[in-house]
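Okay, structure first, notes after.
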Amino acid sequence: MPIDKSKITKEMMDKAAQCETAEQLTALAKAAGIEITKDEAEAYMTELENFELNIEELDKVAGGGNGYAGDY
């Protein structure tokens, strides 16, 4: 059964990102009333491991504001 992403809060995503194993993620989801399989949890963990921001994306997240990475 697909996860209803509208029920996932930023706080839940932050906690999920702190999980180090698929088992931790599965337990976290279960505590929040979300059922995910071990395969789904492992896929999410793999996705997080492979996620990197490029310098422009990092500047935006770090408060670059308007997305322009040049001089202001």
Problem set entry | Hits in the stretch 59-72 (condition: modelled with pLDDT of 65 or more, farther than 18 Å from GLN18 by Cβ and either under 18 Å from the mean Cα position of the chain (by Cα) or surrounded by fewer than 12 Cβ atoms within 10 Å (Cβ to Cβ) (or both)) | LYS60
Problem set entry | Counted residues, the stretch 25-42 - those being part of a helix (DSSP H, G or I) and either closer than 20 Å to SER6 by Cβ or touching an Asp or Glu at 6+ places or on another chain (Cβ under 9 Å) (or both) | 9
Seminar exercise, completed: Selection over the stretch 13-50 where residues are among the aliphatic types (A, V, I, L, M), more than 14 Å from the chain's Cα centre (by Cα) and surrounded by 11 or more Cβ atoms within 10 Å (Cβ to Cβ) yields a count of 4
For this session: Being part of a helix (DSSP H, G or I) and in contact with a helix residue (DSSP H, G or I) (Cβ under 9 Å, 6 or more places away or on another chain) is the filter; apply it to the stretch 47-56 and report the residue that is modelled with the highest pLDDT.
Result: LEU48
For this session: Please specify each residue of the stretch 11-24 satisfying the condition of being in a helix (DSSP H, G or I) and modelled with pLDDT of 90 or more.
Result: ALA22, GLU23, GLN24
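The values are calculated or read from the model by the stated rules, or taken from the named source; none is laboratory data. This one's a predicted model, so the numbers in the text were calculated from it and none came from an experiment. Please note: Cβ atoms are built from the backbone with ideal geometry, for glycine as well, and neighbour counts cover all protein chains shown.
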